[in-house]
Amino acid sequence: MNRFVPTLVFSAALLAGATTAHAALPDEATLYKNPQCGCCDGYASRLEDLGVAVTIVDDVPVVQVKEHADLPYGLGACHTIEMGEYVIEGHVPLAAVERLFEERPAIDGIGLAGMPIGTPGMPGPKQQAWNVYQFSGGEARPYMTL
């Protein structure tokens with residue numbers, strides 16, 4: 001029986017790490033999108049897999065949501081998320097979202113322009129590096145590349 005103890009301890013440590021890795025994320029998010037966009041629903045599902053309850057709003061002009069968020073020109077994507085005190089624009093890889101909530105920098109949010117193939121909610125394999133930007137006051141700067 002003693003030979004199973006290390007395996008059990010290792011397994012318990014892995015499980016504990018899995019539950020604490022997402023502990024920094026807020027419990028809720030609101031995703032604004034156009035009613036026809038299915039990839040946005042896919043992104044919401046990925047957030048829900050991390051334990052975030054996502055409210056989907058598809059009956060408001062998304063352009064107005066982006067303007068209200070002071071999103072920099074050229075950083076727009078198909079959906080905008082309000083999550084905690086931040087705005088998440090587009091199909092931002094979840095590693096970047098998790099880093100945002102672990103570090104909690106003094107910015108308005110992060111974004112990934114367009115709809116890159118292979119990002120959460122977008123079908124297909126990753127084809128290029130994903131350049132995630134941080135933004136504040138309508139200005140964008142590099143945040144991380146995945």
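Laboratory data are not the source of any read-out in this text; all were calculated from the coordinates shown. Values in this document were obtained by computation on a predicted structure and should not be read as measured data. As a convention, Cβ positions derive from the backbone with ideal geometry for all residues, glycine included, and neighbour counts pool all protein chains shown.
By per-residue mean of other Cβ atoms within 10 Å, what is the highest-first order of 36-46, 70-80, 123-133?
Highest-to-lowest ranking by the protection proxy: 70-80, 36-46, 123-133.
In whole Hz and in residue order, list the ³J(HN,Hα) couplings for the stretch 131-146 that follow from phi through the Karplus curve 6.51 cos²θ - 1.76 cosθ + 1.60, θ = phi - 60°; x for Gly and Pro.
9, 8, 10, 9, 9, 8, x, x, 10, 10, 9, x, 10, 6, 10, 10
What distance in nm separates the simple spin-label points at Q127 and D59, each placed 7 Å from Cα in the Cβ direction?
Result for the modelled spin labels: 3.6 nm.
Place a label point 7 angstrom from the Cα of D70 along the Cα-to-Cβ direction, then list the residues of the stretch 85-100 whose backbone nitrogen is under 15 Å away.
Within reach of a label on D70: 85-88.
Give me the distance in nm between label points sitting 7 Å out from Cα along the Cα-to-Cβ direction at S136 and N34, one decimal.
For the pair S136/N34, the computed spacing is 3.3 nm.
Can you tell me the alpha carbon radius of gyration of the stretch 21-145 divided by the globular rule-of-thumb value 2.2 N^0.38 Å?
0.95
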